Amino acid sequence: MDEDDYTEYSDNNTYNISEEFAEFELNIPEPCGQLLSSKFNKIFLPTVFGIIFILGIVGNGLVIAVMGYQKKVKTMTDKYRVHLSVADLLFVLTLPFWAVDAAKTWYFGGFLCVSVHVIYTLNLYSSVLILAFISLDRYLAIVHATNSQAKRKLLANRVIYVAVWLPAAILTVPDLVFARVQDVNSSNYWFAEDSMESADSRTICQRIYPRESSLIWTVVFRFQHILVGFVLPGLVILICYCIIISKLSKGARGQVLKRKALKTTVILIICFFGCWLPYCTGIFLDTLIMLDVVRTSCELQQAVETWISITEALAYFHCCLNPILYAFLGVKFNNTARSTLTSSSKSSQKVTLMAKKRGQISSVSTESESSSVLSS
């Protein structure tokens, strides 16, 4: 082969290789704006998580302090308030870790990674299930006021541990199995829950599923989250409160008190579904996209990721609303809270005197809860 023939062969071969390489590059899927989504999360999530953390600590911490100050026998409503505030308080304690993780990387090691995941899952499910128990308790107190006392005590003292805390604890098993710390670039597993920059070498802390079955695991746990964390408790809340509304709407006695109870009931329903429905809708749509049930595009995928980030923060904000909705709206709780805050700035003698007076008032109060239970 002479020099001219070699040059022509080399040029043709280079052209063919370049053409094939160009064709290969065209088949590589684009990142679909993951960089933009990641930059949005680095600013948005830490800011919102910080706000929720502060509000949740103050609100739920005050509820627990007031309930601790109230040393006399507590009502069933008070017991649920304590359970709910403990769940929400433990939940918001995990948010600073997720805020730092979203802003930079995971600095806290493997043990805290698993621990934070377990606490997060335990209290995420338990708080929602407790809300269902509260609605069931109020249904029994209003609709079956004459013969529900024994059932309500059983639910508040025993069943709540079996039907709320035990299932929530069982649902943390996947965190113990799959949650781990991993460098993004060195991972031998496939993680599909969060969008991240492929060139970033940041450390992550999340559930990391085996590559060959990652889609199955992701879909199963997402549907579990939607079913146990929203659909089932949401149905209980909706059915119980709709029956309560129907019950309170009948009759002409105590119209002012009934209107207040009806207003409170509607607010509870709107807040629960307003906080959780958008987030679960986004997760459901994203899961359908993963299963190729819904045709996707870069614009749709980026919009869904942004929607999930925003609505996730809205759903978490519900733990800040719980102290207001289930505690501070009550007249009796407000009086006890004022007494607690006032007594902290007085002498021990005045504190003792106020505690005795409060105990006398509490001891003569009854728990014959009718329509006033919604604002107690």
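The values are calculated or read from the model by the stated rules, or taken from the named source; none is laboratory data. Just so it is clear, the structure is predicted and the values come from calculations on it, not from any experiment. Here the Cβ is made from the backbone with ideal geometry for all residues, glycine too, and neighbour counts use every protein chain on show.
In the stretch 208-230, what residues are in contact with a helix residue (DSSP H, G or I) (Cβ under 8 Å, 6 or more places away or on another chain) and hydrophobic (A, V, I, L, M, F, W, C)?
Correct list: ILE208, LEU215, TRP217, VAL219, PHE221, PHE223, ILE226, VAL228, PHE230.
Considering only residues that are small (Gly, Ala, Ser) and more than 23 Å from ASN123 (Cα to Cα), look in the stretch 144-167 and name the one that is modelled with the highest pLDDT.
The extreme case among them is ALA150.
Look through LEU321, LEU314 and report the one residue that is more than 26 Å from ILE160 (Cα to Cα), touching a helix residue (DSSP H, G or I) at 6+ places or on another chain (Cβ under 9 Å) and surrounded by 14 or more Cβ atoms within 10 Å (Cβ to Cβ).
LEU314
Here's the yes/no breakdown for (1) aromatic (Phe, Trp, Tyr); (2) at pLDDT below 90; (3) part of a helix (DSSP H, G or I); (4) at positive phi:
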residue: GLY251; (1), (2), (3), (4): no, yes, no, yes
residue: LYS258; (1), (2), (3), (4): no, yes, yes, no
residue: ILE267; (1), (2), (3), (4): no, yes, yes, no
residue: GLY274; (1), (2), (3), (4): no, no, yes, no
residue: CYS280; (1), (2), (3), (4): no, no, yes, no
residue: LEU285; (1), (2), (3), (4): no, no, yes, no
residue: ILE289; (1), (2), (3), (4): no, no, yes, no
residue: ASP292; (1), (2), (3), (4): no, yes, no, yes
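Given the criteria more than 13 Å from the chain's Cα centre (by Cα) and closer than 23 Å to GLY234 by Cβ, does ASP101 qualify?
Criteria not met by ASP101.
Looking at VAL82, VAL100, VAL66, can you tell me which residue is at pLDDT below 85, of a type in the set (A, V, I, L, M) and part of a helix (DSSP H, G or I)?
VAL66 is the lone residue from the list that is at pLDDT below 85, of a type in the set (A, V, I, L, M) and part of a helix (DSSP H, G or I).
Closer than 25 Å to MET290 by Cα, modelled with pLDDT under 95, of a type outside the set (Phe, Trp, Tyr) and out of contact with any helix residue (DSSP H, G or I) (no Cβ under 7 Å at 6 or more places or on another chain), is that true of SER198? Outline the logic, then answer.
Details: closer than 25 Å to MET290 by Cα: yes; modelled with pLDDT under 95: yes; of a type outside the set (Phe, Trp, Tyr): yes; out of contact with any helix residue (DSSP H, G or I) (no Cβ under 7 Å at 6 or more places or on another chain): yes.
Against the criterion (closer than 25 Å to MET290 by Cα, modelled with pLDDT under 95, of a type outside the set (Phe, Trp, Tyr) and out of contact with any helix residue (DSSP H, G or I) (no Cβ under 7 Å at 6 or more places or on another chain)), SER198 qualifies.
What's the number of the condition VAL293 fails, among (1) within 29 Å of ILE52 (Cα to Cα); (2) loosely packed, with under 15 Cβ neighbours inside 10 Å?
So VAL293 meets the others, but not (1).
Quickly run through the stretch 290-318 and pick out the residues that are touching a residue at least 24 places away in the same chain (Cβ under 8 Å) and among the β-branched types (Val, Ile, Thr).
Listed by number, the residues that qualify are THR306, ILE308, ILE310, THR311.
Do you know which residues across the stretch 99-130 are within 25 Å of ASP183 (Cα to Cα), touching a Cys at 6+ places or on another chain (Cβ under 9 Å) and surrounded by 20 or more Cβ atoms within 10 Å (Cβ to Cβ)?
Residues satisfying the conditions are ASP101, TRP106, CYS113, VAL116, HIS117.
Scanning for something more than 30 Å from THR105 (Cβ to Cβ) and in a loop (DSSP other than H, G, I, E, B), does the stretch 223-240 turn up at least one residue?
No, the stretch 223-240 has no match at all.
Would you mind telling me which numbered condition in (1) under 19 Å from the mean Cα position of the chain (by Cα); (2) modelled with pLDDT under 90 ALA132 fails?
(2)
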